[in-house]
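These notes are about the structure you will find just below.
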Amino acid sequence: MKSLLDLVTLPHLVVAHRGASGIAPENTLTAIGLALEAGALMVEIDVQITTDDQVVVFHDPSLERTSNGHGEICRSSYEELKKLDAGAWFAERFRGEKIPLLADVFQLIRGKACINVEIKSPAPGEDWQKRIRLITAATTSAAMMPFTLFSSFHHDSLRYLNSLQLGFHTAALLPSGDQRLPSLVLQDTGCQAFVCSLRELTPELGADIAAHDIFTGVYTINTTQDAELALLRHARGLVTDFPERILAYLAAREK
Ligand code: G3P
Ligand code: MG
């Protein structure tokens with residue numbers, strides 16, 4: 001199994017965004033399983049913490065969009081979340097899909113792919129340092145450290161995580177409106193990789209990425225035209241909702 005250190009030497013890396021979220025409900029075991037079947041070597045997921053300090057895989061701070069629950073996820077216990085359906089909102093055939101624990105995802109992915117765990121920006125007044133300690137502890141106790149990349153738009157979270165010196169690799173997501181070049185963002189955060197949207201990946205950023213040989217991921221690349229543009233601008237990680245499509249495009253391009 002390739003570790004993160006192997007993956008960053010590849011010319012391109014397809015990262016399945018919230019699993020194969022274009023064809024299955026995001027951040028569920030089914031979406032992640034489909035990404036693995038497609039051959040994605042990295043899966044991106046988002047995590048949240050429950051009232052009983054469990055690390056669960058879920059994008060939004062509130063339950064409504066991607067489950068049949070209501071209210072904020074940080075005010076729910078894992079026992080309550082277990083009763084919810086996280087699949088039917090996407091399509092009826094996914095009814096019965098659950099909100100997974102980070103540990104469930106590690107179990108599914110272990111030996112097959114690396115994982116990009118996105119750490120969300122804090123809610124006002126939240127003890128976000130505790131949240132980071134819970135997430136890193138769950139990762140370390142699953143022995144997933146060599147296979148896990150942490151990313152965040154919240155650079156204080158990344159600086160804190162890096163200061164813990166647990167040996168994790170980290171990627172800085174470019175916050176909206178941040179005009180700095182990737183090399184400066186990495187200098188400021190101490191991260192090893194950089195991630196931005198395709199819209200933000202201007203020729204100027206591409207030149208900086210090439211000049212400093214920065215491993216850069218770009219989201220969300222769902223068409224072959226967007227993949228071509230991302231590669232032209234020196235991105236190597238293509239974050240996509242359709243890993244099968246982008247993998248097929250890269251395979252055909254290499255022929
Ligand atoms: O890593 C790219 C992407 O996941 C960042 O935004 O909202 O999809 O989690 P979001
Ligand atoms: Mg994310």
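We did not get these values from a lab; they are worked out from the coordinates using the rules stated. For clarity, every value in this text was computed on a predicted model and none was experimentally measured. Here the Cβ is made from the backbone with ideal geometry for all residues, glycine too, and neighbour counts use every protein chain on show.
State the Cα centre-to-centre distance between the range 16-39 and the range 104-134 in whole Å. If we compute the Cα centre of each part, the gap is 17 Å. For LYS112, a cut-off of 23 angstrom between C-alpha atoms picks up these lysines, skipping any fewer than 8 places away in its own chain: LYS2, LYS98.
The Cβ shell under 10 Å around GLU37 holds other residues with a net charge of 0, Lys and Arg each +1, Asp and Glu each -1. Magnitude of the charge dipole for the chain, about its Cα centre and with charges confined to Cβ atoms of Lys, Arg (+1) and Asp, Glu (-1), is about 440 debye.
Only helical runs count toward this figure. For the chain, summing -39,500 (n - 2.57) over DSSP H runs of n ≥ 4 and dividing by all residues gives -10000 deg cm²/dmol at 222 nm.
Pair-distance distribution of the range 76-194: all C-alpha pairs, bin width 5 Å, starting at 0; shares per bin in whole percent are 2, 10, 17, 18, 18, 16, 10, 6, 2, 0.
Please pull out the direction-averaged projected area of the chain, using the convex hull of its alpha-carbon atoms, in nm² to one decimal place. For the Cα atoms of the chain, the hull's average projected area reads 13.1 nm². Over the Cα atoms of the range 1-136, each weighted equally, I'd like the Debye log10 I(q)/I(0) at q = 0.13, 0.16, 0.20 Å⁻¹, rounded to two decimals. For the requested q values the scattering log ratios are -0.54, -0.80, -1.17. Summarising the amide proton neighbourhood of LYS120: residues at separation of 5 or more, or on other chains, whose placed amide H is nearer than 5 Å comprise VAL47. Note on the chain: antiparallel DSSP beta bridges, both residues inside, total approximately 15 percent of the bridges counted. Taking the Cβ of PRO182 as the centre, find all other residues whose Cβ is under 13 Å away and add up their charges (Lys, Arg: +1; Asp, Glu: -1). After counting each charged neighbour, the total is -3. A protection proxy built from the mean count of other Cβ atoms within 10 Å ranks the segments 121-128, 178-185, 89-96, most packed first, as 178-185, 89-96, 121-128. Would you mind getting me the FRET efficiency between LEU232 and LYS83? Use the beta-carbon distance for r and R0 = 41 Å, nearest 0.05. Result of the calculation: an efficiency of 0.30. The H on the amide N of ASN68, modeled in the peptide plane, is under 5 Å from the matching H of ASP85, each at least 5 residues off or on a different chain. Among ALA35, ALA88, ALA227, the largest mean-square fluctuation in a Gaussian network model of the chain (Cα springs under 10 Å) belongs to ALA88.
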